[in-house]
Amino acid sequence: MPAVISQTKCTGCGLCDLFCPIDVIHMEGDVAIMRYPDECWHCGACRLHCSKGAVTFEFPASMAGI
Ligand code: SF4
Ligand code: SF4
């Protein structure tokens, strides 16, 4: 599953966009958006660099063993 960016937690610092190796995140005004979720590598760089906790990964229940 691709990274999910919280539009309420994001403060628009742009670091996720800067560090994403394949440029699938783009800034729109003061928030980051996942523009091409199907292309996400799940590398975690965006989450690592987000100090606001705005980036999460949502895995399907089947993958979580539920
Ligand atoms: S790193 Fe976090 S706070 Fe900064 S633009 Fe990305 S999602 Fe928003
Ligand atoms: S997980 Fe990696 S490839 Fe996917 S949006 Fe974040 S930085 Fe980009």
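The values are calculated or read from the model by the stated rules, or taken from the named source; none is laboratory data. Just so we're clear, the structure is a prediction, and the values are computed from it rather than from any experiment. No Cβ is skipped: glycine too gets one built from the backbone with ideal geometry, and neighbour counts run over all protein chains shown. We work out accessible area using only protein heavy atoms, side chains counted, and drop any ligands, DNA or RNA first. Shrake-Rupley method; radii C 1.70, N 1.55, O 1.52, S 1.80 Å.
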Just checking, how many residues over segment 24-34 are over 13 Å from residue 10 (Cα atoms) and open to solvent by 100 Å² or more (accessible area, probe 1.4 Å)? 0
Would you point out which residue out of 37, 2, 60, 21 is within 14 Å of ligand 2 (Cβ to nearest atom), surrounded by fewer than 12 Cβ atoms within 10 Å (Cβ to Cβ) and of a type outside the set (A, V, I, L, M, F, W, C)? 21
Can you find even one residue in segment 31-39 that is near ligand 1 (Cβ under 8 Å from one of its atoms), closer than 29 Å to residue 62 by Cβ and touching a residue at least 12 places away in the same chain (Cβ under 8 Å)? yes
When you check residue 6 against the structure, is it within 9 Å of the chain's Cα centre (by Cα) and hydroxyl-bearing (Ser, Thr, Tyr), yes or no? yes
